[in-house]
Structures are given as C-alpha cells and as structure tokens.
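Worksheet for the structure shown next.
The numbers here are math on the coordinates, done by the rules we state, and not lab data. These numbers come from a predicted model, not from an experiment. Because the Cβ atoms are built from the backbone with ideal geometry, glycine has one as well, and the counts that use them run over all protein chains shown.
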Amino acid sequence: MPKILIVGGGYAGFYTALKLEKWLRNGEAEVTVVDPLPYMTYQPFLPEVAAGSIEPRHAVVALRPHLKSTRVVAAKVTGINHATKSVTITPADGEPWDEDYDIIVVTAGSVSRTFPIPGVADEAIGLKTIEEATAIRDRLLDNFERASTLPAGPERDRLLTTVVVGGGFAGIEIFGELRSFASSLLKYYPQLTLDDTHFHLIEAMGRIMPEVSLKTSHWVLKNLAEHDAIVHLETQLTSAVDGKIELSTGETFESDLIVWTAGVMASPMLRNTDLPIEERGRLRVQADLRVINDDGVVPDAWGAGDVSAVPDITGGGVGGFTVPNAQHAVRQGKQLAKNIVATLRGENPAEYFHKNAGAVASIGLGIGVFQSGNLAVKGLPAWFMHRGYHGLAIPTWERKIRVFANWFLNFLLGRDIVGIIARNEPRAAFEAFASRPKPATATAAPAAAAPVAAAPAAATPATKAAPATRAKKAPAKVPTTAKK
Ligand SMILES: Cc1cc2nc3c(=O)[nH]c(=O)nc-3n(C[C@H](O)[C@H](O)[C@H](O)COP(=O)(O)OP(=O)(O)OC[C@H]3O[C@@H](n4cnc5c(N)ncnc54)[C@H](O)[C@@H]3O)c2cc1C
C-alpha cells in the first residue's frame, strides 16, 4: 500500500486527509498526518477569541476524532529527503526518527514574518495560534484589573495602551475587536474611562486592508476613529525595547500589549528539505499542486496552502499566485486529495481554479465590512455576514454548533470576561504552601555531618532560598509585555 505522508494538519493538511479518507478505497493507500499540534486552528476566529467572543477551544478542531482512519503523529517534521523519500520526525519527547513514504504532501503553513526591529522579538506577540489569542485576551483583562488599582499616571497609561503593528486584514480585525472589547469592559471599572484607554495601529503603507477597495478602507478608518482608535499610516515601528514604542514619526509612548500582525512567511521547515523553493521561500508547485523544479514535475511531491506558491490561473492573485488565505487553503486541500486519488488510479490531476469570493471582516461587536468586486457592505449587515460565513465555514458540525451556541449565549449573557492569568504558573498556589522535607541537620549521617556542621550559616540560607526564588515566579505580577 502506498504511504502518503502529510506535513502539517492545518487547513490544507486537514482537508487533504479528510477528503483522502472519503475518496480512497479500502487498502488503496495509508495516510499519516504529522503535526506538533493535535488540532487545526480556525485562524479567522483568533481576533474574536482575543476579544472574548469565542471560547478558545471552539476555534480549534481536534484531528483525531475527525480523521478516523488517518494515522495522526503529534510531532514536527524536521527534515525531508525526497531523494530517498524519507522524513525526519521529531517528537516533543524522545528521540527523532526517520520514516519512509511514497507520496509527500507539504502543508506546513506559515509563521509570523518579522523584521529586526529592536525589542519586537522580546516584547511583541503574534496572532497565528490559539495560545497567542488567549494570551492577548488574558493580558488585556489583567491589565484592566491592575490599572483599576492605580492612580492616573504613566504606569496606568502603559497598562491601558495597546499597539497593533500591521494594517492588513488580521491586524485591523484584532485592532477593532480589542478596541470593542476594551470599551465593553469599562462598565465594570468605574475608576476608568474611555479616555484612559489608548489604541494605536501602526501601518507602514498609506492605506489599510489592501483586500478591500480604497473607499471601503476609508470607511473602516473613519469607524475606528469614531471609536477613539488611532491609526498611524505611513509610519514604521522603529523600536519596542522594554515596551517603549518608538515610531518613525518621532512619537514615543509605552505599551504593555504589542500585537504583531505585519505579514506571514512560508514555514521555515522548508529550508531543511531538498524540495525546490522559490525566491520568497515558498514551495514551488504548479497549478495541479504537484511540486516542480526547473526540469518539470518532481514525482510524488505535492504542496498547498500558505507554504506553497500556487499559480492563480484565474488571472487574479498577487504576483500571479493565490494569496495566503483560508479560502484557498481549504479548496487546495480538497483538490490535492482529489488529484492524489486520480494519479493513484492512473488518471490526470486537475488544475486548481478558484475565483476570489471576496473578503469579510469583523472589526468589533456589531461592526463588519465585506467586499466582493465593486460590492461593499458595511456595518451591522456585514458583521452578520461575517458571523454567518465563518460560523458555517469552521470544519465539522460539532464545531459549528458550539460556536453558534456560544454566540447565542453571549447575546443573552454578555461576553465572558474572566481571564485566567494564573494559568501561566498553575503550580504556584500549591507550591507556595506545600510542605517540604526538613533540611539535613548536624545529627544526620556521620559522613554528611562534617560539611553541614562546618557551614551551618551557608546551609540555612541555601534551603530558604528555594521558596524565595519560586515566589518570584508566582503570578503576583505578570511579565510586562505579552510573550509567547
Ligand atoms: C488572525 C488571522 C485571521 C485570518 N482571517 C482569515 C479570513 O478571514 N479569511 C481567510 O480566508 N483567511 C484568513 N486567514 C488566513 C488563513 O487562516 C490561512 O491562510 C490558513 O490557515 C492557511 O492554511 P494552511 O493549511 O496553509 O496553514 P495552517 O492552517 O497554518 O496550518 C499549518 C499547519 O502545519 C503545522 N506545521 C508547521 N510546521 C510544521 C512542521 N515542521 N511539521 C509538522 N507540522 C508543521 C502547523 O502546526 C499547522 O497546524 C487568517 C489568518 C490569521 C492569522
């Protein structure tokens, strides 16, 4: 039986496996998905997770319950040698191992793309994973708690200042959602007013959201301004050291929450393979999703999703390639499964063809924007379209039901505003009061007695030092800026 190995169980990988399960005949091939995460993340929901509108676990789809006949391996692929048809798989625990395959599918997605700006790597947080979205939510909630006990001044300003870098779709969504979330929190904090909270979006270009028309983007800017959110266009972040924001305009201020959404790049795991990569670091594939090099098709290698440069044969796309979004990743995953089944049966694979269906975003509770060609919908109707589309687009009915049910509950009961910040140090409360074995005394075994007796002063502080060190790690004060 041919062995199909899928690298990455996100959008494209999950759908490839799901459809292979459906279309392969019994015994026709064996499918394995390797991903360090046992779930695929529905990334369009991350801004709403960060804003407390969606329960984090509802925005991810566990692989095992839905991929019943696929072998799921929770580990990273750290190398592909296609010449020998072997991958190196590295688990979180234990030794890496090599595994042979007959057909490889690379769907390892993308990671946040950053620039070497001082402070960014240490202080900012991305928005690609459910863990990041949850950390952003908890940080904002915790900052409100801490700020509410402080007098007006620089420290309170720092806690209540949120910065988003990047004015693309994801950046505007998280910015609008966090602004809306913060405004909704104010009713629980009589000590704080809207004027005490500060929201800055930094965008290097002269406009936001290139996916919508200029006119629609102006409407979004106006709407954000009406909600006291500041957008800095044609501005670059030049430093974020210790949370001190420095802009190319000369403006400076401090922030305790810096969210980085300024673009993505193909998963760097590709560098550890012998597969062909184009100049932007993506896997080279042709329109039927087979990997190609200068000599033509590389047999038995396929790619789809953010990690691949898929030619956009509709004539749209950026630079002739499909843009990295879920709309394409899902459909490419399905096409890829169809094509693999076709080639296994000696048929020809078909080219991937999908005309952009438009873009829809939520920029806060009750505010949305939709654009398809010249058609633009704004405000509440677009927000309903966003919820309707994404609520139905998240894979599996089980997830759709959870998401819609939770939105309905939020409508009745309001957002859940509990941030469980102590989760970062879950053992701290137990450890702070846990009994420990008494330190060795002078009456201990003769062999140990001499050094202990000779240095009692040193022995005592040494044993006492342990709780003090741990107390420092306790969640009395969270780190100054959100860290992964
Ligand atoms: C905040 C946000 C909002 C978005 N909103 C929209 C939207 O509204 N509409 C839209 O169309 N698109 C949206 N997108 C984009 C969309 O989510 C991505 O384009 C899509 O997830 C790409 O799918 P993928 O399968 O290529 O990668 P992913 O879904 O990222 O999956 C890649 C998988 O590969 C795994 N992986 C990585 N490295 C390895 C390795 N070495 N070994 C094994 N596994 C590995 C990862 O763990 C991951 O599970 C949004 C993205 C973000 C971040």
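A few notes on this one:
- Here the dipole of region 1-89 is about 300 debye; that uses its Cα centre as origin and unit charges on the Cβ of Lys and Arg (positive) and Asp and Glu (negative).
- Mean sequence separation of contacting Cα pairs (under 8 Å, at least six apart), scaled by the length of the chain, corresponds to a relative contact order of 18 percent.
- When +1 charges are put on Lys and Arg Cβ atoms and -1 charges on Asp and Glu Cβ atoms, the dipole computed for the chain relative to its Cα centre reaches about 1220 debye.
- Loop-resident sites, region 139-227, for trypsin sites (Lys or Arg not before Pro), counting at most 16 other Cβ within 10 Å (DSSP): 207
- Whole-percent pair-distance distribution, where bins are 5 Å wide, for the alpha carbons of region 178-309: 2, 8, 14, 13, 12, 11, 11, 10, 8, 6, 3, 1, 1, 0
- Convex hull of alpha carbon positions in the chain: directionally averaged projected area 29.5 nm².
- Average Cα contact separation per residue, region 32-79, under 8 Å, 6 or more apart, as relative contact order %: 59
- Summarised as an ellipsoid, region 173-231 has semi-axes of 26, 10, 9 Å, derived from the eigenvalues of the Cα gyration tensor scaled by 5 and square-rooted, with the largest first.
- With the charge dipole of region 17-109 set up from +1 on Lys and Arg Cβ and -1 on Asp and Glu Cβ about the Cα centre, the Cα lying farthest toward the positive end among the listed residues 58, 94, 75 is that of 58.
- Unit charges at the beta carbon, dipole of the chain: most positive-side option, 253, 223, 430: 430
- Exceeding the 21 Å Cα-Cα cut-off - candidates 128/338; 22/334; 128/222; 334/355: 128/338; 128/222
- Net charge, residue 64 excluded, C-beta distance under 15 Å - Lys, Arg +1, Asp, Glu -1: +1
- Pairwise centroid distance, computed over Cα atoms, of region 105-172 with region 35-97, Å: 23
- DSSP beta bridge pairing in the chain, given as percent antiparallel to the nearest 5: 55
- Size of region 1-72 as Cα extents on the principal axes (Å, biggest first): 47, 20, 16
- Per DSSP, loop trypsin sites (Lys or Arg not before Pro) in region 37-97 with at most 13 further Cβ within 10 Å: 68
- Debye, to nearest 20: dipole size of region 1-156, +1 on Lys, Arg Cβ, -1 on Asp, Glu Cβ: 500
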